[in-house]
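The values are calculated or read from the model by the stated rules, or taken from the named source; none is laboratory data. These figures come from a predicted structure and were not determined experimentally. Neighbour counts run over all protein chains shown; Cβ positions are idealised from the backbone, glycine included.
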């Protein structure tokens, strides 16, 4: 038996259903009655401007059946203004359900009636509607051409009406969208802001909603997610204010996309699904495809790959059916990602190649039309867009030509003087630089062939002769003569091979080591990857650092004296030298130096730095020099010089 409670519940539901049906019938009857009144008024009064027609028919402009009735009625009485309005309204209805071919046909027919009437308002509206349809199809050339033509006509109108001003905003908004497709985001934002000012002045909430959304899209493309989200929410607020389901759906899609990029999947999922439901209800195939793409991308991130593939294939099918090329490219790209994750690499590659092919097609068209953007600058220069007279009286032309001739010859003379001045400045700078290099080389030679070094070296060799150690005397005399010869050769050359530089350092240490009774253990380690014959370095660049290690680090140490020279190739653009001694360290050395009565200022390191800076000028990167104190626990244990020299 059916319980009384259940019977009562069914009865209540039936009563509510009947009430809804009754209310809907009453509303439909009232609306139909209002439409008949509006249609009769239009046929009888036949207003001539768009604003008057729109004020009567606006409540019914999204109803295709009613607009077809308006079209038939106005054609029957040859009322061309009404025909144009109805054709454009039907074109918008078809555009919003992605029936683009029919939409283009209707807007073109509307433009032909506007041309017959020679009515600029209606012509501008028709041109803008055509531009919007082509922009939705990602066909850049006609979109840009139609909007540019609409702008030219609008700016040529004297005392533009409210509808003309509004359509200037529409054109700028659409051109901004074209810039978005061209990935010229800053130029797009400029156009949207111009459009925004017009919409703010007119307090047009729909226009404000559209422009804030588009600015948000441009900022999102530039990576400014937080700013984009703020603008999307502003757009949503305006859409809520005018109760626009289409606007809400677009904003939901965009806000969901931001959450997706911010990896906020919890907030992204419900809003993306709401956007999809609204798009399906509105039958707008463009946004249905976009919503399925967003949902598929979300499901990829949530690792729901089967569901993601299903939704992306739906998006691809819709995009291919309605020739939505950007959506086709994006669907293919994401399907490639799904198949890659599923290890279906052949299928993934196929999807990816299709995506790239479509994107290249779009970009080719965009590049071909980019020159047309110059026409858009016309709006900034000429508010009235009237062609001025290119030439005036013959006398004016003659005077202008004479003035131009004088300017030309004066310019040639000025350029000649400038060229000579620049040549002299450059030559002076070159000579100054050459003089500086010569001075540096002379200073280097004086530093490395100082009298103390020569005197002490010869004294050491003389000691071998006095002690009748002929072999040692001859051996070190040969070494000394070779070293002096290398110093003299190096003074004439800016750079030398790494092999010669290392050989010179060995000779130098052989001579200096005589005075230390050969107690210093000097070793050279070269990275095997370095070709020492080919690699070029400034000549005698290492000697001042080894001399410092020898006389400031090791001379005061009683025993176990070591200097290690390491040549490394840590980077393709640099040769790295490490000069490591196990001496007393810089702090102790400074104390000894401060206690000496006779103090001699060493210029070797300063000269070397100047030479390195000069050498580095021919390379994109400069040299680096670091001197580190080494410690064994807290006790000084030596010094490390790290020198990086640029090289080819």
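Here are the numbers:
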| item | result |
| --- | --- |
| For residue 252: the one exception among (1) over 21 Å from residue 273 (Cα atoms); (2) modelled with pLDDT of 80 or more | (1) |
| Complete set of residues in the range 608-639 that are within 14 Å of residue 544 (Cβ to Cβ) and loosely packed, with under 14 Cβ neighbours inside 10 Å | 609 |
| Hits in the range 559-577 - residues which are closer than 21 Å to residue 457 by Cα and out of contact with any helix residue (DSSP H, G or I) (no Cβ under 7 Å at 6 or more places or on another chain) | 562 |
| Boolean, residue 258 is more than 21 Å from the chain's Cα centre (by Cα) and either farther than 23 Å from residue 175 by Cα or assigned to a helix (DSSP H, G or I) (or both) | no |
| Test result for residue 243, on the phi > 0 side of the Ramachandran plot, surrounded by fewer than 17 Cβ atoms within 10 Å (Cβ to Cβ) and without any contact (Cβ under 8 Å) to a residue 40 or more places away in the chain | yes |
| Wholly enclosed helices (runs of 4 or more DSSP H) of the range 529-648 bearing at least 3 residues modelled with pLDDT of 90 or more | none |
| Selection from the range 110-142 of residues that are over 13 Å from residue 95 (Cα atoms) and under 28 Å from the mean Cα position of the chain (by Cα) | 138, 139, 140, 141, 142 |
| Residue within the range 151-163 that is within 22 Å of residue 51 (Cβ to Cβ), surrounded by 24 or more Cβ atoms within 10 Å (Cβ to Cβ) and in contact (Cβ under 8 Å) with a residue 60 or more places away in the chain present | yes |
| Tally, over the range 459-491, of residues that are out of contact with any helix residue (DSSP H, G or I) (no Cβ under 7 Å at 6 or more places or on another chain) and over 14 Å from residue 504 (Cβ atoms) | 12 |
| Filtered residues of the range 477-513 (kept if crowded, with 19+ Cβ neighbours inside 10 Å and either at positive phi or at pLDDT below 80 (or both)) | 486, 487, 490 |
| Some residue of the range 447-469 being within 52 Å of the chain's Cα centre (by Cα) and at pLDDT 80 or above | no |
| Qualifying residue in the range 75-84 (condition: surrounded by fewer than 19 Cβ atoms within 10 Å (Cβ to Cβ), touching a residue at least 40 places away in the same chain (Cβ under 8 Å) and within 18 Å of residue 57 (Cβ to Cβ)) | no |
| Number of the exception - residue 53 against (1) out of contact with any helix residue (DSSP H, G or I) (no Cβ under 8 Å at 6 or more places or on another chain); (2) surrounded by 23 or more Cβ atoms within 10 Å (Cβ to Cβ) | (1) |
| Residue within the range 127-138 that is touching a residue at least 24 places away in the same chain (Cβ under 8 Å) and out of contact with any helix residue (DSSP H, G or I) (no Cβ under 7 Å at 6 or more places or on another chain) present | no |
| Number of positions in the range 541-551 that are in contact with a strand residue (DSSP E or B) (Cβ under 8 Å, 6 or more places away or on another chain) and more than 14 Å from residue 606 (Cα to Cα) | 3 |
| Boolean, residue 324 is touching a residue at least 60 places away in the same chain (Cβ under 8 Å) and either surrounded by 15 or more Cβ atoms within 10 Å (Cβ to Cβ) or over 20 Å from residue 279 (Cβ atoms) (or both) | yes |
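So that you can scan it fast, the table gives a plain yes or no per residue for (1) surrounded by 13 or more Cβ atoms within 10 Å (Cβ to Cβ); (2) at pLDDT below 85; (3) out of contact with any helix residue (DSSP H, G or I) (no Cβ under 9 Å at 6 or more places or on another chain):
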{"site": "304", "(1), (2), (3)": "yes, no, no"}
{"site": "333", "(1), (2), (3)": "yes, no, no"}
{"site": "347", "(1), (2), (3)": "yes, no, no"}
{"site": "359", "(1), (2), (3)": "yes, yes, no"}
{"site": "367", "(1), (2), (3)": "no, yes, yes"}
{"site": "378", "(1), (2), (3)": "yes, yes, no"}
{"site": "400", "(1), (2), (3)": "no, yes, yes"}
{"site": "404", "(1), (2), (3)": "no, yes, yes"}
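Yes/no per residue for (1) modelled with pLDDT under 90; (2) in contact with a helix residue (DSSP H, G or I) (Cβ under 9 Å, 6 or more places away or on another chain); (3) part of a helix (DSSP H, G or I):
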{"residue": "5", "(1), (2), (3)": "yes, no, yes"}
{"residue": "16", "(1), (2), (3)": "yes, no, yes"}
{"residue": "24", "(1), (2), (3)": "yes, no, yes"}
{"residue": "34", "(1), (2), (3)": "yes, yes, yes"}
{"residue": "48", "(1), (2), (3)": "yes, yes, no"}
